[in-house]
Amino acid sequence: PAPYAGLRLTVSGGRSREDRIRVLRSSDQLELQVSHRRLLAFGAYWLLRFLQRSEAPPGAGTADTSPVTVRAVSQWDNLDGSIERGYGGRSIFDWTDPGRHADRQVEYAKLLCSAGINTLFLNNVNASPEVLTDSSLGVLRVFANRFRPYGIRVGIAVNFGSPVSLGELSTADPLHPDVRAWWGECARRLYEAVPDLIGCLVKANSEGQPGPQDYGRGHEDGANMLADAFAPHGGHVFWRAFVYEWTPPGEPAPQRGPHDDGLSDSFVTFAPLDGCFRENVTLVVKNGPIDFQVREPLHPLLGAMHETPTALEFQVTQEYTGQDVHLCFLPSQWRHYLDGRVNANEPLCDLVKSPSGGQMLVGVSAWGDSDCWSGHPLAQANLYGLGRLAWDPTDSPQRIATDWTRQTFGADPVVESTLVDLLLGSWRAYESYTSPLGLGMMHCKARHRDPAPNERVYAHRADANGIGRDRSIATGTRFVLHYREPVRSLYESMETADPNLLLLFHRVPWDHRMDSGLTVWETLQATYRSGVSWVAEAVHQWGALRDQLEPTTHHDIERRLRVQLEHARRWAGTMLDYFGSVQ
């Protein structure tokens, strides 16, 4: 169209910490200026959004700035081609044949760039030491070269025990001089292969992964050792704070007492270490203290680290939110978290934008070689939403859903209205028939898909007397103590706690009256059934679009919605039967 003819993209002469796109001219010739050369491709995609919205290009003087400097995706791809918690096929990153999937990788680079992502960690945080071998570094160089033209820097996840696993040292003790020298040489080789490598992502002393505690050292010792190795090259260390109570290798985990609470483990491990990390270390903290559940309270660590950058981590792959079958639009969930308070005055989105918040947002993704990347065609909206919220943490789910729908399915008003409504209602519906009132962790331990209340008694504590876990300061596990005021007092009281998290913080009798006037048991019954009803209506609404959409895509999504309905009924029936039987 004429307004877009002769588009000119320029790079501003000065350096800016923030990423910025500015419209210089928009009458006879449209000219955009970006603050960094790496934003050139994104600038074009940014402008195309206006075209796809059927909107005029923005006027001269318009500027769009992102305060989030690291907008990252963390792939959970393994070197053997499998993907942990992946529902979109196998990995498109072949570490034995870098030429395989080359075109697909370029398309992925475009996809990420168009959404606003500028960083990609290529491998699983449960990292194989083999990623640091000479042959892998050569492949890493090839991958980095493919993503660089689209403004995307790559990083890798590393295994803390690599020097031992690779047979080069007898210890990985971070204070041992040989270990420090080994990682220094490793960093040199990494940056020789990829000079603009953003750094390394580390999962240590978590879920069986090796770490500094294996040698009697603290997390700060391990992170700082790696930080010293990467610092001469401008590299960064992203240290994941997802840990449970540590036990020495080979020893069984101790039995927790009635007042022990795994939700506290990450906080009590890292909060005392605030200010102990090098400047090029960022703690990567999950949005909540459990494990990417459909709803959690904000992680208390996000408001506790005042001298240590803390990056916020979301999960894009739907491990606990329906996998490749259930429609669950996660930007609605993420907006809820970003609007949440970590203290009296600061919503989480402000923390993400500030230097103390690391100015980083990362999403765990598992996009693979399936035709639609994500397994479920509508799950693609979640990756798009991650990029949009990473660029602007104040963006709205309504706008994101509308833009994605129009850019993906066209401008048919009926299709747009129907699909946007389905996307925006899907998160609360999934919560309703799986984990209402803050139950959480009701999925089976093996696949994290089917209902298994019999396996999760420690989470719901349902018996004849009531349901829920008391985490109050006065009578429970004292987990609430980790929050700052006024959040602490809100969670402490059963009367002021968020009803959607009631059973996570409080143990209540079955006949406890909610604000609605219904008892807890009546509320659970009504909520489970309302979730099932929503899916049934979604099947009907989607079916009505049959003549307005491409047949193959329509049929695929309709089939998944029908399976979702069957699964929702199984969830509601299983949970209600179980809770009814224990009363």
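Sticking with the crude label model, points 7 Å out along Cα→Cβ, report the distance from Asn145 to Ser581 in nm, one decimal please.
That separation, rounded to one decimal, is 6.1 nm.
Take every DSSP beta bridge with both residues inside the chain and express the antiparallel ones as a percent of the total, to the nearest 5. Present the calculation step by step, with values, prior to reporting the outcome.
Numbers: 14 of 49 bridges.
Antiparallel: roughly 30 percent of the beta bridges in the chain.
Within region 468-546, which GluC sites (Glu not before Pro) sit in a loop by DSSP and count at most 13 neighbouring Cβ atoms inside 10 Å?
Here the GluC sites (Glu not before Pro) that fit, given the DSSP loop and packing criteria, are Glu495.
Select one label from (1) 26.5; (2) 25.1; (3) 31.7: the one whose number is Kirkwood radius over Cα pairs in Å as derived from the coordinates shown.
The value matching this structure is (2).
Provide Tyr45, Tyr430 ordered by accessible surface of protein heavy atoms (probe 1.4 Å), highest first.
Sorted descending by solvent-accessible area, the residues read Tyr45, Tyr430.
Hey, what does the equivalent ellipsoid look like for region 32-77, semi-axes from the Cα gyration tensor as sqrt of 5 times each eigenvalue, largest first, whole Å?
Computed over region 32-77, the values are 24, 15, 10 Å.
Trypsin sites (Lys or Arg not before Pro), restricted to region 29-71: which are DSSP loop and have at most 15 other Cβ atoms within 10 Å?
Those satisfying the criteria are Arg53.
Within region 310-373, list the trypsin sites (Lys or Arg not before Pro) lying in a DSSP loop whose Cβ has at most 14 other Cβ atoms in a 10 Å radius.
Counting only loop positions with at most 14 other Cβ atoms within 10 Å, none of the trypsin sites (Lys or Arg not before Pro) in region 310-373 qualifies.
Return P(r) of region 190-271 (all Cα-Cα pairs; 5 Å bins starting at 0; whole %; ordered from short to long distances).
Percent of pairs per bin, in order: 3, 14, 21, 20, 15, 11, 7, 4, 2, 1, 0.
Search the structure for amide H atoms under 5 Å from the amide H of Thr519, placed 1.01 Å from N in the peptide plane, and list their residues when 5 or more places away or on another chain.
Met514
FRET efficiency for Glu550 and Ala44, Cβ-Cβ distance as r, R0 = 25 Å, nearest 0.05?
So, using R0 = 25 Å, E works out to roughly 0.45.
Using the membrane-span-like helix rule (whole DSSP H runs, Cα extent along the own axis of at least 27 Å, mean Kyte-Doolittle hydropathy at least -1.0), which helices of the chain qualify?
On the way: long enough: 413-434 (32 Å, 0.24); 520-543 (35 Å, -0.15); 551-582 (47 Å, -0.77).
Span-like helices in the chain: 413-434, 520-543, 551-582.
Quick check for me: using +1 on Lys/Arg Cβ and -1 on Asp/Glu Cβ, what's the dipole size of region 61-198 about its Cα centre, in debye to the nearest 20? Walk me through the numbers on the way to the answer.
Values: 13 positive and 16 negative charges, 94 e Å.
The dipole of region 61-198 has a size of about 460 debye.
Pairs of Cα atoms under 8 Å, at least six residues apart: use those to get the relative contact order of the chain, whole percent.
12
Accessible area per residue of the chain at 1.4 Å probe, in Å²? Let's see the in-between values first.
Details: 21940 Å² over 583 residues.
Ligands and nucleic acids excluded, the figure is 38 Å² per residue.
Per the Cauchy relation, a quarter of the hull surface: what is the mean projected area of the convex hull of the alpha carbons in region 297-406, in nm²?
Taking the Cα atoms of region 297-406, their convex hull projects to 7.1 nm² on average.
Given H placed 1.01 Å from N in the peptide plane, which residues other than close sequence neighbours of Leu120 have an amide H under 5 Å from its amide H?
Under 5 Å from the amide H of Leu120: Val73, Arg153, Val154, Gly155.
Given R₀ = 60 Å, FRET efficiency for Asp97-Arg478 by Cβ-Cβ distance, to 0.05?
0.65
Can you give the alpha-carbon Rg of region 363-426 over 2.2 N^0.38 Å, where N counts its residues?
Its radius of gyration relative to the 2.2 N^0.38 Å reference: 1.12.
Please list the non-local residues whose amide H lies under 5 Å from the amide H of Ser472, H modeled 1.01 Å from N, same-chain partners needing a gap of 5 or more.
Thr477, Arg478
In region 317-404, what percent of the accessible surface is made up of carbon and sulfur (1.4 Å probe, ligands and nucleic acids excluded)?
45
Sequence gap at least 6, Cα distance under 8 Å: using those rules, report the relative contact order of region 145-288 to the nearest whole percent. Before the final figure, lay out each step's value.
Details: 199 pairs, mean separation 33.8, N = 144.
Relative contact order, region 145-288: 24 percent.
At R0 = 60 Å, how high is the FRET efficiency between Glu192 and Arg570 if r is their beta carbon distance? Nearest 0.05 is fine.
Step by step, r from the Cβ atoms, then E = 0.65.
The values are calculated or read from the model by the stated rules, or taken from the named source; none is laboratory data. Quantities reported herein were computed from a predicted structural model and do not represent experimental measurements. Heads up, the Cβs are rebuilt from the backbone with ideal geometry, glycines too, and the neighbour counts pull from every protein chain shown. Remember, those area values only see protein heavy atoms, side chains included, never the ligands or the DNA or RNA. Shrake-Rupley method; radii C 1.70, N 1.55, O 1.52, S 1.80 Å.
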